[in-house]
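K.L.:
Dumping the structure here so I can ask a few things about it.
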Amino acid sequence: MTMGTALILLVLAAIAVAAVLSARKHLKGGGGCCGGGTEKEARKRLDGTVIQKKTMYITGMQCENCQNRVTRQINRIDGATAKVSWKKHRAVVSMTRRVPDEELTAAVERVGYQVTRITEEVVH
């Protein structure tokens with residue numbers, strides 16, 4: 001093996017290791033795959049009694065940044081706050097007023113994700 005071949009193989013090996021480490025970080029939810037960092041979204045506090053809870057099943061979220069985008073979008077809805085999990089592909093939305101499924105779906109779809117189903121929990 002010539003010196004040039006050995007150098008090329010060394011560079012390729014370094015690139016392969018970097019790619020594997022980056023992919024591993026991405027699959028664990030680290031990094032900013034969707035154009036941002038992984039800074040945690042502040043939890044929104046609701047004024048009033050929670051009268052309704054819905055679970056939204058969402059496709060397309062692949063990292064914490066995706067999770068933060070969906071959380072921010074749902075939290076913009078008056079009277080609603082979301083706890084989103086990109087790993088479970090869902091958002092649990094607590095509301096102090098009745099929010100139609102269409103409004104929740106539109107908020108999520110505005111940032112590029114798809115709602116496949118919404119279920120409602122009974123709140124006492």
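K.L.:
Select, from 91, 23, the only residue that is modelled with pLDDT under 95 and out of contact with any Cys (no Cβ under 8 Å at 6 or more places or on another chain).
P.N.:
Unique residue meeting the criteria: 23.
K.L.:
For the stretch 44-62: of the residues being aliphatic (A, V, I, L, M) and open to solvent by 10 Å² or more (accessible area, probe 1.4 Å), which is modelled with the lowest pLDDT? Outline the logic, then answer.
P.N.:
Our first condition is that a residue be aliphatic (A, V, I, L, M); within the stretch 44-62, this holds for 46, 50-51, 56, 58, 61.
If we keep only those that are open to solvent by 10 Å² or more (accessible area, probe 1.4 Å) too, we end up with 46, 50-51.
On the way: 46: 85, 50: 91, 51: 92.
Selected residue: 46.
K.L.:
Give just the number: which of (1) within 13 Å of the chain's Cα centre (by Cα); (2) not in a strand (DSSP E or B) does residue 82 not satisfy?
P.N.:
Unmet for residue 82, out of (1) within 13 Å of the chain's Cα centre (by Cα); (2) not in a strand (DSSP E or B): (2).
K.L.:
What number goes with the only condition from (1) polar (S, T, N, Q); (2) modelled with pLDDT under 95; (3) under 13 Å from residue 43 (Cα atoms) that residue 65 does not pass?
P.N.:
Result: residue 65 fails condition (3) only.
K.L.:
Next up: Within the stretch 98-122, track down each residue that is acidic (Asp, Glu) and assigned to a helix (DSSP H, G or I).
P.N.:
We begin by selecting, within the stretch 98-122, every residue acidic (Asp, Glu); these are 101-103, 109, 120-121.
Matches in the stretch 98-122: 101, 102, 103, 109.
K.L.:
Also: Here is a list: 76, 98. Which entry is open to solvent by 10 Å² or more (accessible area, probe 1.4 Å) and under 17 Å from the mean Cα position of the chain (by Cα)?
P.N.:
On the way: 98 fails: under 17 Å from the mean Cα position of the chain (by Cα).
Being open to solvent by 10 Å² or more (accessible area, probe 1.4 Å) and under 17 Å from the mean Cα position of the chain (by Cα) holds for just one of 76, 98, which is 76.
The values are calculated or read from the model by the stated rules, or taken from the named source; none is laboratory data. A quick note: this is a predicted structure, and the numbers were derived from the prediction, not measured. FYI the Cβ positions are ideal-geometry reconstructions off the backbone, even for glycines, and counts take in every protein chain you see. Side chains included, ligands, DNA and RNA excluded: accessible areas come from the protein's heavy atoms. Shrake-Rupley method; radii C 1.70, N 1.55, O 1.52, S 1.80 Å.
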